[in-house]
Each structure stands twice: as C-alpha cells, then as structure tokens.
Amino acid sequence: MKRIGRFTLLTENRPYIETFAAVAGKREHEGPLGHEFDYCYDDTTLGEDSWEKSESRLQTEAVQRALQKGGLANEDIHYIFAGDLLNQCISSTFGLRSLQIPFLGQFGACSTMCQTLAMATVFVESGAADRALAVTSSHFCSAERQFRFPLEYGGQRPPTSQWTVTASGAAVVSQWGNTTKLSTAPVETVENYPVISAVTVGRIADLGVKDANNMGAAMAPAAAQTLVDFFSDTKTVPTDYDLILTGDLGQVGTKLLGELLEPYDICLGNLHQDCGNLIFDPKKQDVHAGGSGCGCAASVFCSKILREIQQGVYRNVLFMATGALMSPTSSQQGESIPSIAHLIHVTAQH
C-alpha cells in the first residue's frame, strides 16, 4: 500500500467487495430500509434463549448469507475480522466458532465495521489473503443489559439516547481478478465493482462527554477529526464525493459534526447522510435520537449503499463508522467517553 499524508493508505491492487449481506431484527424491518436487508427476523429473540445468543446468531446468519450469495465456501476465506459491543466480543466468538476460519477479533465499538473492513483490505492488498471477511453486529437487548439497564428495569430513556440496532453486516474483500465478482446482484443491475481505494485509521478523540445516553455527542469529535485528517492527506474536499456516510451519529451527533467542522471551513451539506438517521423512521418509530450500535453502520452499508454503488447510483463514497470506546467499568468510575472514527473510501469501477 502507499501512504499519503500521515493517516491515509491508498490501495494499488484494487481490492474490492466481492459479496455482502445484512440481516436485521423486527424493528429494523419495520423501518424505511426494511426491504433492503437480505433477511429480517420477526422475533427479537431470534429463537434463542438469551439476548447474547441472539446476537451471535445474527453474525452467523450474515456471514453464511454473504458466502452463499458469492458462491463461496468457508475454505475460500483466509481470514475473518469480527467484533461487537459485548465483553470479550462474545457475539463474534460464539457466532463464528463453527466456521473454522482463521479469526482475528476486533473492538472498535460502533466503528467496528470500518475497522474490520480496513484490516481485511490491508491483508488482501498486501497479498496475505486472497479473500478476507469483515463482519460485526449489535442487538438492542444485549447492549442495554451491558451498558445501561436490563429491559426489566423499565428505565426511561432521555431524548439524546439512540436505539441500538439489532442487525449484522458482512462483506468479503477480495483480490481483483477472483472469478465470482459481482455475485451479490443480478447481472442486469450491476454496473460497477465496489473497490476500496483508501483507508484512514482514526485517532482517539475525547471532549469530556460522560453521558452514556448521548453517544452522538461523544462520537462527533472523532468523526470530525478523521474527516479533517482524510481531506488534509488527500488534498480533496467534500464536493469531490457523491456521498459521505457516517456510522451512527444520530440526530445529535450529526448536528454537532457540522458545528465541529466549521472552524476548518468544511461543509458537508446534502452530501452527508448518517446510518443512525436512515435506518429508523423518527416519526413512526420511537427511537429518540436515531439508531446506533455496530450493526447500524454494518447493515446499512452492506445492503442499500453497496447495492447502489454496484448500480452506479454512487461512484465515489466515503464511509466512516464512529465508536464510543467506553465500558461499564469506566462509566461507573466516572470516566469520560473516548471516541474513534475509521474511514474507507469506496469507488465504483468497471
């Protein structure tokens, strides 16, 4: 890979997203993107006897569907990069243990989809893998139990809180020239390959936010910092891109991102969309400030966005997922919430 500036890596061998899939829960199916997902469950338990097992099943399902759509077997994947929100990333470990694919666990909180895609890209670009799979997930009930209160507590959620998305997204990053290209959509609808052209790894940002019910405010500083770094490294501006997609800043974080970019004379305008604002209908679904969780960015990107890149709707996309690097212990000890944002640049190429 070629490094430009301080933070950004450019790919030269055009690693591309060969196949992808997203699965979601009942509430997500009822939202505006429900028809975009490969499969939706009609029961929040997913037929399991614990919320944690339910989340593991999300990852299993997303990976299996991505491989099936690409006509791939487990043996075709050299490495799998996976993570989630739960302690020790147990959703990933237990959900993927039967696949027998070399596994590298990741934790980037809600930024994990971009982190796993970045790692998969580096491995494929370097020749360490022909194919590498990136996957993450989240589940509303398992996240509430770990980070806030079990559902039985019945606590009231403040207006700044976001609804953790019950979903998973998986994508296979492949070397250019592999034979099953574009298997994720009917031939007549495919115009382009989603190529990962650049990766920017974020820096930890912390402006002292301590409220675990205001993830948008905690993560917006990292989103702004990573965008500034990327534009500085690449000598580009927002209008050079068709879409700038953030992970799950929600309503609060989206507004703050615009304010934080003003001193740098960066205006995203209508080019910016946020997965946390897209996945639910704020008027019909009581989600307060929008969606969040690892599965939020993963499911939106691995469904609607990648299909639209294939179909030529978008040709030049910045996808940046943001994460709050907190734990129950750090919050109980009164610590602030550090945040991180990783970015990948996806181009549509014939």
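Where a number appears in this text, it was derived from the coordinates with a stated rule and is not lab data. Please read all numbers here as calculations on a predicted model, not as lab measurements. Positions of Cβ are generated from backbone atoms using ideal geometry, with glycine treated the same way; all protein chains shown enter the neighbour counts.
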Dividing the helical contributions, -39500 (n - 2.57) per DSSP H run of n ≥ 4, by the residues of the chain yields a 222 nm value, nearest 500 deg cm²/dmol, of -9000 deg cm²/dmol
Scalar couplings 3J(HN,Hα) for segment 197-206 by Karplus 6.51 cos²θ - 1.76 cosθ + 1.60 (θ = phi - 60°), nearest whole Hz, x for Gly and Pro, are 8, 7, 9, 10, 8, x, 9, 6, 10, 7
Note: segment 193-349 at 20 °C, 1.002 mPa s; Kirkwood Rh on alpha carbon pairs; Stokes-Einstein D in µm²/s works out to 136
What the Cα atoms of the chain span along the principal axes, largest first and in whole Å, is 53, 50, 35
Proxy exposure order for 219, 119, 320 (fewest C-beta within 10 Å first) is 119, 320, 219
Ordered by fewest other Cβ atoms within 10 Å, a rough proxy for footprinting exposure, 20, 140 read 140, 20
Most exposed to least, judged by fewest other Cβ atoms within 10 Å, 339, 168, 126, 161 sort to 126, 161, 339, 168
Mean separation of Cα contacts under 8 Å (at least 6 apart) over the residue count of the chain, i.e. the relative contact order in percent, is 25
Ranked output for segments 95-101, 277-283 by mean other Cβ atoms within 10 Å, highest leading, reads 277-283, 95-101
Length-normalised contact order of segment 193-349, Cα under 8 Å, at least 6 apart, in percent, tallies to 39
